[in-house]
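One structure is given here, and the rest of the page talks about it.
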Amino acid sequence: MNRDFCMRAVLICSIGLLLSSLVAPPVEASNFGVPGILDIPSARMNAEGDLALTYHRQDIADNFSLGYQPTPWLQTAFRYTIFNPRGLDRSTDELKDRSFEVRARLWQERVWLPEVSIGIRDLVGTGAWNGEYVVASKAFGPLDLTMGLGWGRLAERDIGSNPLSRISSRFSRRSSSVGLGGTFSFGDYFSGPDVGAFGGLRYQLPRWNLALEAAYNSDSYARERRRNTISDTDPWSFGVVWEPAENVTIGASWQQGNEVALRISSKISTSTTTARKLPNRFGARGTEPAPSRRPRPSDTWYQLLSSDATLSGVTVRSAKRLDDDTLNIVYTNRDYQYEADAMRRLLALTDLYAPRDVRSVVITSRTAGADTHSAHYGLRRGREAWAAEVDDSQTRRDVIIMPPMRVTDPDYEAPFRYPSVSFSGGLGARAYLFDPDRPFRYQLYARIGANVNLGEGLAVTASWVQNIHSQFGGITRVSDSVLPKVRSDVVRYLQEGKSGLDSLVLTKRGQFTDDLYYLGFAGVLEEMYTGGGGELLYRPFGSRVAFGANVIGVQQRDFDKRFGLQDYRTWIGHLSVYWASPLYNFDVALHAGRYLAKDVGGTLELTKRFANGWSVGAFATITDVPFSDFGEGSFDKGLIFRIPFNPYVGFNTRGRYAAAMRPIQRDGGQRLYWGTTLWETHRRSGLDHLNQDRRRMVPQ
């Protein structure tokens, strides 16, 4: 009887494990902005490219978290914590803390194995949240179980001595101090005399879009108890999570046995491919080309092609008959986020309008005054051919991407008139973050821009900012920097230059050879500096590696952002190496040279990039400035976001919002904000990007 019972139990458990392995459990954020259950981490990972925002509110601490999943097996999060956020009279805690968490998955869940991850909760920070963990999660249908071992704060409710101390005695010692942050505490990771155990469960109720949670936390919140924020803590916490909309969750919980907590989290995928859209001003029937108007008897095929291409968001610059049946057409992509969409549109219109004896076409892209690449197509005459399905092998036969084929003495050339002037305008916002007196302040403004195209890659651009509403007047912090105040005086620019001239720059762009690009510039470069300089980029066609160099002379502007100048002047310059790696769409850049405070060092940038225009990256700069002179933060570091508008609007656009977020704004390791990077300008025309989008170049 006992044997029969055991066999049935094993069979039932086996079936349960098999079924649970077929459906991945939903991944939800913890109070710390990374996948977890209430206040403990889990082994779960978000989907690659997911960007998550989480706000957790509690009397002990408020957490503002920004999490990103750069690879399928790596999770990162930047966190800003306000301890004692309600200002309880009994508490002496006034810390405003920045921390960075990283977690790696060791292996994925299998039928008989749990998912296992290892993480560090405070990799670069003051150590206020110091703690490391190894955690396992296993799903049984709607039930997801998590158990883990913790060090640091996660070992305050210990279950025994640190097993790693058997490997080395250094693992038995751990620092108890909280520093200024910005440095790695390599000697403390997974160290300490004890180890703790934590665990939790989440039970899904999909019919109501709810989940029930319970967690046992091995962090006893000793630091907060010492500061009288709370009198005592219970290891158990309980909560409920509601998903009112896809990728949005709201949670309420009873924490540490004495506090109510609220959490809201949302996430967005930065890797989503955007479907091809109708041209903005032309093409009522989608991808099928059709004349935009009744042609006049005097119109040539080139005039018809140029007119409809312009209305479609592609500028045709010139055309030349190379031989009896081949055309070369030079174009500029104005509207399309995907270069492949612009190429496809031009090809379709060429098929419609080119002389009937033309059997192939070479289209050459001109971007920022330089020819970047060409593509050879065998035309498929007739709309029926454009409606046919095309497989990858056929695409590779039809599309040959090659170095730019420059056109000299074209047969047809667009009659551009110079100078040509265009204007732009819109509303914008700017944030001032992480001020301990008030962590978030903002400004609303109107931006007016102008562009004067002088031809041959020469242009003048200008931008004026007019304040609408600003909270920057309440900033009272004064820089204590011992370095030249090349950035830490930004508060005065925010207050005295709420409205003013942001930029007024003369630029000259072009190329010396097919692989060597140049940029020259002079004028008001950004809100804090005026000056001039130049940049070179050597990028062999088809290579994933490029090399750059720039030299810029600058002088500091007056705080009112008019034309006055201050005495401080210097020059900066860098040698750069760029690598478009084949690993998870990462770009790597290394810059070495001289910075605004006359310090010398290097910057490492790591950027996750997608064809839809999204890119999320991180950078770190270390120079010859000692950490003690640099001040809080120890060295310059931060996050970079480039957010495209195209996936979120109903029309084609290459517009985007770009921003860098620094935990601490100091003076060491500072470069100009003005974008002088030719690598970024020409990145979307790289062969690796074009190859990824080959199927978008032909109809499907």
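The values are calculated or read from the model by the stated rules, or taken from the named source; none is laboratory data. Computed from a predicted model, the values in this text were never measured in an experiment. Every residue, glycine as well, gets a Cβ built from its backbone with ideal geometry; the counts of neighbours run over all protein chains shown.
The set of residues in the stretch 583-599 being over 15 Å from L74 (Cβ atoms), surrounded by fewer than 18 Cβ atoms within 10 Å (Cβ to Cβ) and in contact with a Pro (Cβ under 8 Å, 6 or more places away or on another chain) consists of K598 alone. Looking at E384, E413, which one is of a type in the set (D, E), touching a Ser or Thr at 6+ places or on another chain (Cβ under 8 Å) and modelled with pLDDT under 90? Just a single option satisfies the conditions, and that option is E413. Annotation: of all residues in the stretch 519-537 being under 20 Å from L678 (Cα atoms) and in a loop (DSSP other than H, G, I, E, B), the one that is farthest from the chain's Cα centre (by Cα) is L525. Among the residues of the stretch 120-168, those identified as surrounded by 18 or more Cβ atoms within 10 Å (Cβ to Cβ) and of a type in the set (G, A, S) are G125, G127, A128, G131, A136, S137, A139, G148, G150, G152, A155.
The single residue among F434, F440 that is out of contact with any helix residue (DSSP H, G or I) (no Cβ under 7 Å at 6 or more places or on another chain), among the aromatic types (F, W, Y) and free of Cβ contacts under 8 Å to residues at least 12 places away in the same chain turns out to be F440. The set of residues from the stretch 561-607 being outside any strand (DSSP E or B), among the charged types (D, E, K, R) and over 30 Å from P626 (Cβ atoms) comprises K561, R562.
Within the stretch 630-638, can one find any residue that is without any contact (Cβ under 8 Å) to a residue 60 or more places away in the chain, of a type in the set (D, E) and part of a strand (DSSP E or B)? Scanning the stretch 630-638 turns up at least one residue that is without any contact (Cβ under 8 Å) to a residue 60 or more places away in the chain, of a type in the set (D, E) and part of a strand (DSSP E or B). Checking each residue in the stretch 646-696 for being touching a residue at least 60 places away in the same chain (Cβ under 8 Å) and charged (D, E, K, R) picks out R654, R666, D667, R671, R683, R684, D688, D693, R694, R695, R696.
Filtered by the rule that a residue be of a type in the set (S, T, N, Q) and exposed (fewer than 15 other Cβ atoms within 10 Å of the Cβ), the stretch 248-280 gives N258, T272, T273. Of the residues making up the stretch 24-40, those that are over 17 Å from A104 (Cβ atoms) and either of a type in the set (D, E, K, R) or touching a Pro at 6+ places or on another chain (Cβ under 6 Å) (or both) are E28, D39. Taken together, V588, V616 contain a single residue that is in contact with a Phe, Trp or Tyr (Cβ under 6 Å, 6 or more places away or on another chain), among the hydrophobic types (A, V, I, L, M, F, W, C) and in contact (Cβ under 8 Å) with a residue 24 or more places away in the chain, which is V616. Whenever a residue of the stretch 49-65 is at negative phi and not assigned by TED's automatic domain parsing to the domain that holds G33, it has no partner that is surrounded by fewer than 20 Cβ atoms within 10 Å (Cβ to Cβ) and of a type outside the set (K, R) lying with C-beta atoms less than 6 angstrom away and at least six residues away or across chains. Taking the stretch 45-65 as the range and being of a type in the set (A, V, I, L, M), part of a strand (DSSP E or B) and crowded, with 19+ Cβ neighbours inside 10 Å as the test, the residues that pass are L51, A52, A61.
Within the stretch 465-512, the residues that satisfy the criterion of being among the β-branched types (V, I, T) and closer than 26 Å to D629 by Cα are I475, T476, V478, V482, V486, V490, V491.
Rundown of residues vs (1) surrounded by fewer than 16 Cβ atoms within 10 Å (Cβ to Cβ); (2) within 30 Å of the chain's Cα centre (by Cα); (3) of a type outside the set (S, T, Y), yes/no style:
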{"residue": "M405", "(1), (2), (3)": "no, no, yes"}
{"residue": "Y432", "(1), (2), (3)": "no, yes, no"}
{"residue": "L444", "(1), (2), (3)": "yes, yes, yes"}
{"residue": "G457", "(1), (2), (3)": "no, yes, yes"}
{"residue": "S463", "(1), (2), (3)": "no, yes, no"}
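Which one is nearest to P436 (Cα to Cα), of the residues in the stretch 652-675 that are outside any loop (DSSP other than H, G, I, E, B) and among the small types (G, A, S)? Going through the qualifying residues, I end up with A660.
Screening P540 against (1) of a type outside the set (S, T, N, Q); (2) surrounded by 21 or more Cβ atoms within 10 Å (Cβ to Cβ); (3) not in a strand (DSSP E or B) leaves a single unmet condition, (2). When only residues in the stretch 224-247 that are modelled with pLDDT of 95 or more and of a type in the set (A, V, I, L, M) count, which is surrounded by the fewest Cβ atoms within 10 Å (Cβ to Cβ)? The residue in question is V240.
In this structure, is Q337 among the polar types (S, T, N, Q), modelled with pLDDT of 90 or more and outside any strand (DSSP E or B)? So Q337 passes the test. Applying the criterion of at least 3 residues that are under 24 Å from Q58 (Cα atoms) and in contact (Cβ under 8 Å) with a residue 12 or more places away in the chain to the strands (runs of 3 or more DSSP E) found wholly in the stretch 80-168 leaves 96-107, 131-140, 143-152.
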